[in-house]
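Worksheet: one structure, shown below.
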């Protein structure tokens, strides 16, 4: 999968020292630019911290990227999806967590009726709810105008804007 971007914490805040990230724990995640039946884009609103994000999450041990994405989409937005194409991957070096996260993103389409989501307790505590943007341009505009109040939100905003921009390019070339 094509590497679209590498994000470092010093892009968001001034750091005094160089960081050795060789001892960082690693996490892999699967995400989707998910199109509804009517062409809307599913987003997750993290109300407590003032940002939107693409649905998706961590890949559990023994899961493939595709299996993890299917599970995460059911948990977060309550629907099954068909993968349309790869978007790419983004690597984040989050010094504050000593974490190297690699996110794999796909364009996907909703394939059945939406059901009730089953968000985790930590997601509910952040005020996370599913919402939709009218189209990909609106999703990009909404994320570009977010004002995350924490470092995690700033990483997510940068990552998911890059995924949306690349997905927009891929969608426009396929039509």
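Which count do you get for residues in the stretch 38-63 that are part of a loop (DSSP other than H, G, I, E, B) and either farther than 18 Å from residue 90 by Cβ or free of Cβ contacts under 8 Å to residues at least 60 places away in the same chain (or both)?
Count: 12.
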Return the residue satisfying two criteria in turn: it lies in the stretch 141-153 and is touching a strand residue (DSSP E or B) at 6+ places or on another chain (Cβ under 7 Å) and not in a helix (DSSP H, G or I), and of such residues it is nearest to residue 108 (Cα to Cα).
146
Looking only at the stretch 1-22, and only at residues there that are modelled with pLDDT under 80 and touching a helix residue (DSSP H, G or I) at 6+ places or on another chain (Cβ under 8 Å), the one that is surrounded by the most Cβ atoms within 10 Å (Cβ to Cβ)
19
Answer with yes or no whether residue 88 is at pLDDT 95 or above, under 25 Å from residue 26 (Cα atoms) and not in a strand (DSSP E or B).
no
Which one is farthest from residue 9 (Cα to Cα), of the residues in the stretch 139-149 that are surrounded by fewer than 17 Cβ atoms within 10 Å (Cβ to Cβ) and under 16 Å from the mean Cα position of the chain (by Cα)?
141
Determine whether residue 156 is closer than 23 Å to residue 67 by Cα, buried (at least 18 other Cβ atoms within 10 Å of the Cβ) and in contact with a strand residue (DSSP E or B) (Cβ under 9 Å, 6 or more places away or on another chain).
yes
From the list 168, 132, which one is surrounded by fewer than 20 Cβ atoms within 10 Å (Cβ to Cβ) and not in a helix (DSSP H, G or I)?
132
Output for the stretch 64-82, where each listed residue is in a strand (DSSP E or B) and either over 16 Å from the mean Cα position of the chain (by Cα) or surrounded by fewer than 16 Cβ atoms within 10 Å (Cβ to Cβ) (or both):
82
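Which of the residues that make up the stretch 112-129 are assigned to a helix (DSSP H, G or I) and surrounded by 13 or more Cβ atoms within 10 Å (Cβ to Cβ)?
Of everything in the stretch 112-129, just one residue is assigned to a helix (DSSP H, G or I) and surrounded by 13 or more Cβ atoms within 10 Å (Cβ to Cβ), namely 123.
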Counted residues, the stretch 99-128 - those being modelled with pLDDT under 95 and in contact with a helix residue (DSSP H, G or I) (Cβ under 9 Å, 6 or more places away or on another chain):
8
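The values are calculated or read from the model by the stated rules, or taken from the named source; none is laboratory data. Predicted model only: the values in this text are computed from it and were never measured. FYI the Cβ positions are ideal-geometry reconstructions off the backbone, even for glycines, and counts take in every protein chain you see.
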